[in-house]
Every structure is written in structure tokens, then in C-alpha cells.
Amino acid sequence: QFDANGVLISPEIAINVNSALDFFKAGAFVQVSKSFLKDRLLVSSGVRSDINSFTNNGLDAGRTLSPRISFAYHLNEKIDLTASVGRYFKIPVYTSLGYQDAAGELVNKSMEYINSNHFVLGTQYLPNDGMRITVEGFYKQYFNYPVSIANGTSLANQGTEFGAIGNEAISSSGEGQAYGAEVFVQQKLVKNLFYIVSYTYVRSLFSGLNEELIASAWGNQHIVSATLGYNFKNNWKLGAKYRFSGGVPYTPYNLAASQQAYATLGNGVLDFSMLNTQRLNNFSQLDLRVDKIVNLKKVSFD
């Protein structure tokens with residue numbers, strides 16, 4: 001990297017990676033559903049297990065045994081109640097599984113499946129034939145989440161910028177939680193108008209080697225999405241889409257360390273003592289669209 005005068009201010013850094021993985025994955029599940037109370041209550045339950053031939057404990061099907069059950073109760077013609085609880089497992093990303101150290105050894109074969117427990121409670125309200133309103137609350141627990149051994153931070157707390165997240169030595173010692181609620185309103189096309197509006201509040205927290213829960217890199221907290229369409233006369237149409245999301249957390253730079261190391265590294269040094277303590281500004285976007293449709297005998301134009 002060179003400055004404006006052509007003077008070298010940081011050396012070229014070349015990273016060459018050549019890692020190949022070859023293993024098998026398999027999963028098995030069974031599910032049973034049955035109605036009760038004259039078909040007003042639907043109960044669905046099941047269990048699943050996954051195995052792989054790569055990780056040290058990958059062939060132990062008992063370690064990924066994941067039961068789940070859900071309930072749907074038809075209270076009346078307009079209101080339904082729903083609830084579910086379940087355990088889920090996910091194999092770590094291949095970026096981590098395929099990481100090799102300087103000696104060419106695959107050092108992350110001891111990683112565990114990421115484990116999460118989900119608890120969901122919701123309701124659906126149908127005020128008329130054209131409208132649907134749902135409200136849902138959720139709580140999720142995470143275990144065996146990947147943590148960087150080098151800096152002690154959870155991969156969930158690292159930035160969302162471009163990069164190979166997880167391409168390093170990993171420990172499956174992290175934990176986390178996510179909780180929140182969503183309100184969803186849908187109006188079907190009635191009298192030339194339709195719209196969909198949703199609002200989600202969510203908190204997402206994960207811990208590293210210090211076991212302290214920190215806001216995750218995708219913890220927006222507030223998310224709004226809205227879509228609207230209106231049909232005018234003479235084949236004119238108006239469409240609008242609005243999106244809002246709260247600012248995501250980020251980790252500031254250690255200015256002193258960055259100034260000392262920039263000439264060697266070519267980039268800044270993050271201050272992990274202030275991991276995800278700052279937030280970007282909120283983001284919002286509005287898209288508008290106007291259509292005019294012209295129909296001829298054999299072709300139409302939009």
C-alpha cells in the first residue's frame with residue numbers, strides 16, 4: 001500500500017489457503033401429528049438427530065438428539081393460538097471445520113454441533129376475510145457456539161463486513177440468547193388496496209471466553225418492513241416499500257495500537273475491551289414505483 005507520494009507505507013500481505021474437506025453428513029427424523037377436541041387442537045411432535053464423519057464426536061447420534069413439539073388451538077372463527085418448543089442442532093460452518101494451522105493440521109475437529117433451544121408463543125386474528133394479524137414472542141438459548149481462541153470473542157459478536165469469519169482456531173464454548181416479539185399485519189387486495197406491515201423487536205446476545213453476554217453483530221433491535229400497493233383507474237398502479245432497521249453494534253479501533261501497527265499490518269487494530277459497545281446510525285429506505293399498463297391485441301406494455 002502506498003501513500004499519495006508513492007512511498008510504501010505498509011508491506012504487501014499475501015494469504016494462500018488450500019484446504020480440502022471430504023466427509024459424510026446424515027440426518028434422520030420422525031414426526032407425528034394428531035388432532036384433539038373435535039379438531040380444535042392440533043398437536044405435532046417429533047425428534048431428529050444428525051451425524052457426520054468429520055468431527056471427533058460427529059458419529060454420536062445421541063449428542064444431537066433434538067425433540068420438538070408444537071400446539072395450534074382454534075379458539076373461534078377469528079382467533080388461533082400457537083405455541084412450540086424444540087431443540088435444534090447445526091453443524092459449524094465449513095470455514096471453521098476446514099481451517100488448518102501452519103503445520104497443515106485440521107485443528108477444529110473437536111468442534112461440537114451448535115445447539116439452540118427455541119420457545120415460541122403466538123396468536124393469529126382474522127377480523128375479516130381480507131385481513132390477518134399475528135403476534136408472536138420468542139426466546140432462544142444457544143450453546144456450543146464458536147468462539148475465537150485468538151481474541152476470546154464469539155463469532156456472533158464479530159463484524160459483518162466482508163471477510164472469512166471463523167477461519168481460525170475455534171472453541172465450542174460460547175453461549176447466547178435471543179428474544180423478542182413480532183407484529184405482522186396483512187391486508188389482501190380489497191377495493192384496489194393491499195398492504196403488509198411488520199415490526200420486530202429483537203435482542204441478540206452472545207458470550208466469548210469471558211462468559212459475558214455482548215450484543216451480537218446483527219443485533220438491530222428494531223426492524224420495520226412495509227409494502228403497499230394501490231390500483232387506480234385506467235391501469236395505473238402505485239407501489240411503495242419501506243424498510244427500517246436499528247443500527248448494528250460495532251467495535252471501535254484502538255487508536256494507539258492502530259497507529260503503531262498500521263505500517264506493518266496495513267489496517268487498524270480493534271479494541272476488544274470495547275467489543276460491540278458502539279452502534280451505527282439507524283437505516284431507513286423508501287422505494288416508490290408507478291406503473292402504467294397498456295394492453296393491445298397481441299402484446300402488453302408496462
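The values are calculated or read from the model by the stated rules, or taken from the named source; none is laboratory data. The model shown is predicted, which means the values in this text are computed figures rather than measured ones. Cβ atoms come from the backbone with ideal geometry, glycine included; neighbour counts cover every protein chain shown. Note: accessible area is taken over every heavy atom of the protein model, side chains too, but ligands, DNA and RNA are not part of it. Shrake-Rupley method; radii C 1.70, N 1.55, O 1.52, S 1.80 Å.
In a fully extended conformation the segment linking LEU37 and ASN57 would gain 2.9 nm over its present Cα-Cα distance, using 0.36 nm per residue.
Seen from LEU41, the other residues with C-beta closer than 13 Å to its C-beta sum to a net charge of +1, counting Lys and Arg as +1 and Asp and Glu as -1.
Residues in the stretch 237-245 carry Karplus couplings, in order, of 9, 10, x, 9, 9, 10, 9, 9, 8 Hz; the curve used is 6.51 cos²θ - 1.76 cosθ + 1.60 with θ = phi - 60°, and Gly or Pro positions show x.
Quick one: net charge of ASP287's neighbours, Cβ under 12 Å, K/R +1, D/E -1?
On the way: positive: LYS241, ARG243, ARG289; negative: none.
Within the 12 Å Cβ shell, the charges total +3.
In this structure the stretch 142-273 gives 55 Å² per residue of accessible area when probed at 1.4 Å with all protein chains present. Taking 17 Å as the straight-line reach from the Cα of LYS109, the lysines in range (excluding those fewer than 8 positions away in the same chain) are LYS25, LYS90. Summarising the amide proton neighbourhood of GLY130: residues at separation of 5 or more, or on other chains, whose placed amide H is nearer than 5 Å comprise an empty set.
Couplings 3J(HN,Hα) for the stretch 144-156, derived from phi with the Karplus relation 6.51 cos²θ - 1.76 cosθ + 1.60 (θ = phi - 60°), are 6, 7, x, 10, 5, 6, 5, 10, x, 9, 5, 4, 5 Hz, where x marks Gly and Pro. With Cα atoms as the point set, the stretch 143-302 shows a radius of gyration and Dmax of 23.1, 73 Å.
To put it simply, the accessible area of the chain at a 1.4 Å probe is 57 percent carbon and sulfur.
Residue by residue, the stretch 195-206 carries 3J(HN,Hα) couplings of 7, 9, 10, 9, 10, 10, 10, 9, 10, 9, 10, 9 Hz when phi is fed to the Karplus relation 6.51 cos²θ - 1.76 cosθ + 1.60 (θ = phi - 60°); x denotes Gly or Pro.
Computed packing ranks the peptides 54-61, 92-99 as 92-99, 54-61, most packed first, by mean other Cβ atoms within 10 Å.
Taking the average, over residues, of other Cβ atoms within 10 Å as the packing measure, peptides 260-271, 42-53 rank 42-53, 260-271 from highest down. Each principal axis of the Cα cloud of the stretch 102-205 was taken in turn, and the coordinate range along them, longest first, works out to 69, 28, 19 Å. Straight-line cross-link partners of LYS241 among the lysines, defined as a Cα under 23 Å from its Cα and at least 8 positions apart when in the same chain: LYS188, LYS191, LYS233, LYS292.
Taking every C-alpha pair closer than 8 Å and separated by at least 6 residues, the mean separation divided by the residue count of the stretch 50-135 gives a relative contact order of 29 percent.
Let a ≥ b ≥ c be the square roots of the eigenvalues of the Cα gyration tensor of the chain; is it rounded (a/c under 1.5), or, if not, prolate (a/b larger than b/c) or oblate? Judged from the Cα gyration tensor, the chain comes out oblate (a/c at least 1.5, b/c at or above a/b). Highest average first, the peptides 145-152, 240-247 ordered by how many other beta carbon atoms sit within 10 Å of their residues are 145-152, 240-247.
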